[in-house]
Amino acid sequence: MPEPTGNAAFDAAREGGIVDTFLSFPDTKAAKAKIYDYIRKASLDQETQSMEMPAAYMFKDLPSYDEIDDPLELTLAEMDRFGISRFLTNVTERDIGKRALREHPDRFWGLINADPNQGMEALRTIDRAVEEWGSQLKSVHVWGTALQPSVAIDDKKMYPIYAKCIEANLPIVLYVGVPGPRIPMAPQLPILLDEVCCFFPELKIVTRHGGEPWTELMVKLLLKYPNLYYSTSAFAPKYYPSDIIDFANTRGADKIIHAGYWAAGLTLDRIHAELPSVPLRDEVWPKFLRENANRVFGEAGTG
């Protein structure tokens, strides 16, 4: 069990288990370099071609492993060490995600990539995933900014995917704000959410990566649209935007979802050392660490 942190409200909430909605399984340096090739192809920046992780310039002490015997066993051990009861992870391409879901369905939820550039095949991909994983599949994931060609949040190619997500009772994970990798930000401007949320009021959308520098706009959109949610991925807890914390402590207690960034850019040691210092109100901690994720993702995939 994790050691007490000195924040009694955080410790009490953690006892019920933490749901982390961002897991990228740990890799060796060599393996990680290959995973990010698709982002390097989208960037003309020479430094990007040599970075282990294309946004490495933004992070200090990137998670780095020279050797890993079994990434799943390492992940399970880290989950136990930090009180993480469940991770949301991608099962599209890597065998490790699929193995995690099959061997430990009580510890992992599945997320599937969809590429809107594939037209109807993107919808068939979702159908096949629903058939294969059933209620273990909890979300569809699109990072349109890094696709070739890129696809904006409000692009017409996305609309069939949004409709399919509603049909399958699956939230969609999208990215907002200035991306870390040196690729254009236009496809993920937060203002693009407005039209989508308006046209698809039933669609549950969970945003990743902060929405900066438009966090005030994000708060307005989160308040405006009942099925729009915000997750905290790609930010060390000490840098969570103040607009988001203030919103979580007031009218947005049910809208902000915990997402770390292990093992893409942050270590679990850093995330969990900083989390207890986040100035959330006592009653918000269980919602942030677990309850909001359980409601949005946990109840998904059963339609």
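Estimated from helical segments only, the mean residue ellipticity of the chain at 222 nm is -9000 deg cm²/dmol, where each DSSP H run of four or more residues counts as -39500 (n - 2.57).
Run the reach check for K98 against aspartates and glutamates, Cα to Cα strictly under 12 Å, same-chain hits fewer than 8 apart removed. What comes back? Straight-distance partners of K98: E132. Only Lys, Arg, Asp and Glu carry charge here, each on its Cβ (+1 for the first two, -1 for the last two); on that basis the range 247-303 has a dipole of about 140 debye about its Cα centre. With each label modelled as a point 7 angstrom along the Cα→C-beta vector, the R102-D269 pair spans 3.4 nm.
If you plug the beta carbon distance of R295 and D11 into 1/(1 + (r/R0)^6) with R0 = 25 Å, you get a FRET efficiency near 0.65. Of all lysines in the structure, those lying under 21 Å Cα to Cα from K204, and not within fewer than 8 positions of it along the same chain, are K138, K156, K157, K164, K220, K224, K255, K287.
Assign unit charges at the C-beta atoms only (+1 for Lys and Arg, -1 for Asp and Glu), then state the dipole size of the chain relative to its Cα centre in Debye, rounded to the nearest 20.
I would put it at about 580 debye.
Cross-link reach is defined here as a Cα-Cα straight distance under 18 Å, omitting same-chain residues fewer than 8 places apart; for K238 the lysines meeting it are K60. Placing R0 at 30 angstrom, the Cβ-Cβ distance between E93 and T250 gives a FRET efficiency of 0.15 after rounding to 0.05.
Could you list F25, F297, F59 so that the one with the fewest beta carbons within 10 Å of its beta carbon is first and the one with the most is last? Present the calculation step by step, with values, prior to reporting the outcome.
Details: F25 22, F297 25, F59 18.
Exposure proxy ranking, most exposed first: F59, F25, F297.
Each of G210, A9, L74 was placed along the dipole of the range 8-298 (beta-carbon charges, centred on the mean Cα), and the one lying farthest toward the positive end is G210.
Highest mobility in the GNM of the chain, judged by mean-square fluctuation with C-alpha springs under 10 Å and restricted to P213, P179, P54, is found for P213. Comparing G260, G210, G16 in a Gaussian network model of the chain where C-alpha atoms under 10 Å apart are linked, the largest mean-square fluctuation is found at G16. On the basis of the beta-carbon distance and an R0 of 30 Å, E131 and E283 show a calculated FRET efficiency of 0.15.
Under 5 Å from the amide H of W109 lie the amide H atoms of F87, L88, T89, each residue being 5 or more positions distant or on a separate chain, with H modelled from the backbone and absent for Pro and chain starts. Once backbone amide H atoms are built at 1.01 Å from N, I257 has Y230, S231, T232 as its partners under 5 Å, excluding neighbours fewer than 5 places away on the same chain.
Using the 10 angstrom Cβ neighbour count as an exposure proxy, how do E291, E131, E299 rank, fewest first? Numbers along the way, then the final one.
Working: E291 19, E131 9, E299 14.
In increasing order of surrounding Cβ atoms, one gets E131, E299, E291.
Any idea what % of Cα-Cα pairs in the chain are farther than 26 Å? Tail of the P(r) past 26 Å holds 42 percent of the pairs.
Where a number appears in this text, it was derived from the coordinates with a stated rule and is not lab data. Computed from a predicted model, the values in this text were never measured in an experiment. Cβ atoms come from the backbone with ideal geometry, glycine included; neighbour counts cover every protein chain shown.
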